[in-house]
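Below: the structure, in C-alpha cells.
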Amino acid sequence: MAKSYVNHYQNNEDPYARQERAKQKAKGNPNKNVHHKKNNSNYQGAVMAKMLADKAAKREKVILPLWLKIVIAAMLVSVIVVLILRLAVYKDSLFLTYLSSLLLGLSCAVLFYTRRFFHKKKDSRMYGFITIVLAVMAIIYIFSGATGLLHLAGLF
C-alpha cells in the first residue's frame, strides 16, 4: 500500500488570500508599511497617487480678457490676408514684404505678452526658452518691418 505523506508545515490556505490579508494588515499598520522609505524608492502609495491624479485633472484654465481675444483674432486674420496677398497676388511687392514682417513681429509680441502675463508661471527650461525666442523674434521682425516701411516712405 502506498503511504500518504502529510505535510504538517504546509498551510492549507490559499497563498493569494494570505498575501491580500497581509496587504490589508499593512495598510492598517503604518509602521509595517515602510518599504517605500528604503533605498530612495519612488513608491508613493495610493493616497499620493490619488492626489497627483486629482492635481493633473484639475489643471487651471487661463481666461483671457475680451480685448486680448479680439487682438489675437485681428492679428491672425491680418497676417493670413497679408501673406496670401504677398504670396499669391503681389509676389514682388516690397510694401507687402515689409508689412508681413511687421505683422509677424507684432503677432510674436502679442504671443509673448499672453504667455508672459496671462499664463501660469512655468519652471521648466523649455518654457523659458520659448518665451525668450518669442521676444527675440518679435524684436527682429518688428525692427525689420518698421525699418523697411520707413525706408519705402522715404523717412529713413
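Taken together, the criteria place ARG116 among residues that are out of contact with any His (no Cβ under 7 Å at 6 or more places or on another chain) and at pLDDT below 80. Taken over segment 84-137, the criterion of being among the basic types (Lys, Arg), more than 19 Å from VAL62 (Cβ to Cβ) and under 21 Å from the mean Cα position of the chain (by Cα) is satisfied by ARG125 alone. If you go through segment 78-135 and keep only what is closer than 21 Å to HIS151 by Cβ, open to solvent by 70 Å² or more (accessible area, probe 1.4 Å) and free of Cβ contacts under 8 Å to residues at least 12 places away in the same chain, you end up with TYR90, LYS91, ASP92.
The values are calculated or read from the model by the stated rules, or taken from the named source; none is laboratory data. All of these numbers come straight from a predicted model, not from anything done at the bench. Every residue, glycine as well, gets a Cβ built from its backbone with ideal geometry; the counts of neighbours run over all protein chains shown. Note: accessible area is taken over every heavy atom of the protein model, side chains too, but ligands, DNA and RNA are not part of it. Shrake-Rupley method; radii C 1.70, N 1.55, O 1.52, S 1.80 Å.
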